[in-house]
Amino acid sequence: MSTSAERGRRFDDLRRREFTRLDEAGIAYLDYTGSGVYPESLVRAHSDRLCRSVLGNPHSENGPSADATEIMDRARTEVLDFFDADRETWTVCFTANASAAAKLVGEAFPFEDGSRFVLLTDNHNSVNGVREFAIGRGASVDYTPLDEELRAASPRFSRREAPSLFAFPAQSNFSGVQHPLTLVDEAREAGYSVLLDAAAYVPTNRLSLREVKPDFVCVSFYKMFGFPTGVGALIAKRDALATLDRPWFAGGTVEWATVETERRRLLTTAEAFEDGTPNFLDIAAIPGGLDLLRGVGMDEIHEHVSDLTVRLLESFAAAETALGRPLVRVYGPRGSDRRGATVAFNLLDEVGRTLPYEEVERAASEIGIAIRGGCFCNPGASESAFGVDAGRALRCLESVPRGEFHPRKLGECLDGAPVGALRASFGIGSVHSDVDRLVDFIAGTSSTAGAPERAAAGGEPRGDLHVRPSVGVQ
C-alpha cells in the first residue's frame with residue numbers, strides 16, 4: 001500500500017488526466033454520494049463504440065440484436081467478477097438505479113401474516129419504501145435505533161417461520177457510517193433474507209460477495225463512475241430470486257403470455273425482472289467503468305478518500321467562531337473508524353445556533369464549491385441526528401398544505417430546530433485542494449451582525465450568509 005503523500009500525487013495525476021474539466025471550471029465537486037463524476041476516457045470510449053456499432057433491441061435474433069445481447073451478457077459477467085461473485089450462485093438484473101432494484105425485491109418478496117421486515121433507522125427512502133409492500137401483506141415492520149454517532153444498535157432477529165426480510169445500508173448516505181457487514185450472517189442465521197443497499201458503499205470500498213453473502217444487493221453505476229445515469233442493478237442469488245413472486249409482467253420478462261386465457265409464464269433468468277427493453281446502449285459502458293476502478297485499485301481509492309475525510313474532520317474539529325466557540329457540528333462519527341468518505345454537518349453562529357443549511361449551500365455554490373444540503377432522502381438518520389420529537393415533527397409536517405412544503409416552514413414550526421444538514425463526500429476524482437477550498441470557505445463564513453438582537457426581539461434567528469471575497473477563489 002502506498003503512503004498518503006504517494007496516493008495524493010497519484011490522484012492529482014488522475015485528476016489532470018480524467019477530470020481536468022473540474023479545475024477548468026473552477027469547481028470543487030464534493031457531492032460524490034449524490035453522483036460520481038465520469039472519467040473523460042470512459043465517455044470518449046463509449047462514444048467511439050456507439051459510432052462504430054449497429055446495435056438493436058436484444059429481444060430479437062437479428063445481427064444487431066445479437067450483438068446487443070452479447071454486450072449485456074458481458075456486462076453481467078463483468079459486474080459479477082467485479083464483486084467477486086460466483087457466476088453459478090449469483091446473477092445480475094439490470095434496473096434504472098438502486099431504487100428500482102430495491103423496489104423489485106419489495107414488490108415481489110413473499111411477505112405474509114407473521115412475516116417481519118427489520119431495517120435500520122438509517123436507510124435511504126428507496127429502502128424505507130419497501131415497508132409499504134410489507135405492511136400491505138400483513139408483515140410487521142421494526143426499525144432498529146441509532147446511537148449518538150448514528151451507528152445502529154444490534155437488531156433483534158426473532159426467528160420467524162413466515163418469510164422475513166432484513167434491509168440495511170453498507171454505508172449511510174447521510175453520515176458515512178459503515179454498518180457492520182456481519183449483520184448479514186446474523187440475520188440469515190435467524191432465517192431472514194437480506195437486502196443490502198450498497199449504493200453509497202461500493203464507489204470507494206471493495207465488496208466481495210464470496211465473503212459477504214446477502215441475498216440481494218442494490219447498486220447504481222453512476223454513483224460508482226459517473227456514467228451512465230439510468231442504469232443500476234439488483235445483484236441477486238439465483239435461489240433467492242426464485243423465491244420472489246412478481247405481481248406483474250412486461251415485455252421481455254415472460255416465456256409466453258396469452259390474452260384469451262389470461263395466463264403467462266415468467267422467464268427463469270434475470271431477464272424476468274428487466275421490464276421492457278433494457279438500456280442496452282448505456283449498459284455497454286459498464287465494463288469500461290469497472291475497468292477504470294480496477295486500474296486505479298479499490299483499496300487505493302478507499303485509502304485516498306479516507307485521507308481526505310480525516311483531513312476534513314480534523315479541520316472541522318479545529319474550526320471556531322471569533323468568540324472561540326465551535327463553528328461546525330458534525331453528525332455521525334468524528335473519527336475515521338468504520339466510516340466512509342461522507343460527512344454530514346452544519347455551521348453554527350457565535351451563540352451556537354445552526355445557520356440555515358440552504359444559505360450555506362447557496363453561498364458555497366456561488367464560489368464553485370458543490371456540497372449538498374437537505375436530509376438526503378434519509379429521514380431516519382436525520383431525525384436521529386437533529387433530535388426532534390417525532391410526534392411534534394409529524395404535526396408540523398401535516399400542518400403544511402400538500403404541494404407547499406418547504407424546509408424553512410418546518411424549521412419555523414419547530415422553533416428554529418435544524419431540519420437539514422450539509423454533506424461533503426469524496427470520490428475517485430477528489431483531491432486535497434478540494435478539501436482546502438471547503439475548509440477555507442467555512443473559515444470565512446459568518447452570520448450578519450444583528451441576528452442575536454433580532455432573536456431577542458422575537459425575530460427569526462437567521463441572517464444572510466457572507467463570504468470573504470478572497471476565500472475559496474482560485
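Rule-based calculations on the coordinates, nothing more; no lab input. What you see is a predicted model; the values in this text were computed from it and never measured. Every residue, glycine among them, receives a Cβ derived from its backbone with ideal geometry; neighbour counts consider all protein chains shown.
With pairing defined as another cysteine C-beta under 4.7 Å, the cysteines of the chain that fail it are C51, C93, C218, C375, C377. Computed from point charges on the beta carbon alone (+1 for Lys and Arg, -1 for Asp and Glu), the dipole magnitude for the chain about its Cα centre is near 260 Debye. For a modelled paramagnetic label at S47, 7 Å from Cα along Cα-to-Cβ, the residues of region 219-234 in reach, with backbone nitrogen under 17 Å, are 226-229. Give me the percent relative contact order of the chain, please, defined on Cα pairs under 8 angstrom at least 6 residues apart. Normalised by residue count, the contact order of the chain is 19 percent. Relative to the dominant Cα principal axis of the chain, helix 357-366 is inclined by about 90°.
Starting with the fewest neighbours, write out S193, S53 ranked by other beta-carbon atoms found within 10 Å of each beta-carbon. Working shown, then result.
Working: S193 21, S53 13.
Final ranking by Cβ density, sparse to dense: S53, S193.
Amide H contacts of A167: V118, L119, L120, L195, each under 5 Å away and 5 or more positions distant or on a separate chain (H built 1.01 Å from N in the peptide plane; Pro and chain starts excluded).
Could you sort the peptides 22-30, 3-11 by per-residue average Cβ neighbour count (10 Å cutoff), highest mean leading? Present the calculation step by step, with values, prior to reporting the outcome.
Values: 22-30: 17.7, 3-11: 14.8.
The most tightly packed comes first, giving 22-30, 3-11.
For L266, the residues whose amide H sits under 5 Å from its own are E255, ignoring neighbours fewer than 5 places away on the same chain, with H placed 1.01 Å from N. Since only G230, V194, F216 are under comparison, the one whose Cα sits farthest along the positive direction of the charge dipole of region 42-295, derived from C-beta charges on Lys, Arg, Asp and Glu, is G230.
Rounded to the nearest 0.05, the FRET efficiency derived from the C-beta distance between R238 and E383 at R0 = 45 Å is 0.75. The magnitude of the dipole of region 42-295, with charges of +1 and -1 set on the Cβ of Lys/Arg and Asp/Glu and taken from the Cα centre, is near 200 debye. Taking R0 as 45 Å, what FRET efficiency do you get between S60 and E314 from their Cβ-Cβ distance, rounded to the nearest 0.05? The pair S60/E314 has a calculated efficiency of 0.20.
With a 10 Å radius around each residue's Cβ, average the other Cβ atoms per peptide and rank 111-120, 98-107, highest first.
On the way: 111-120: 20.1, 98-107: 22.8.
Taking the mean over residues of other Cβ atoms within 10 Å, the ranking is 98-107, 111-120.
If the segment from D12 to L323 were pulled out straight at 0.36 nm per residue, it would be longer than the present Cα-Cα gap by 108.3 nm.
Note on the chain: helix-only mean residue ellipticity at 222 nm, from DSSP H runs of 4+ residues weighted -39500 (n - 2.57) and normalised by residue number, equals -11000 deg cm²/dmol. From most to least packed by mean Cβ count within 10 Å, the peptides 157-167, 55-65, 31-41 give 31-41, 157-167, 55-65. In this label model, D84 and F405 are separated by 4.0 nm, measuring between points 7 Å along each Cα→Cβ vector. Relative to the longest principal axis of the Cα atoms of the chain, the long axis of helix 40-52 lies at roughly 30 degrees. Angle of helix 432-443 to the longest C-alpha principal axis of the chain, folded into 0 to 90 degrees and rounded to 10: 40°.
Farthest toward the positive end of the dipole of the chain, out of L290, W248, V400, is the Cα of V400, where the dipole comes from beta carbon charges about the Cα centre.
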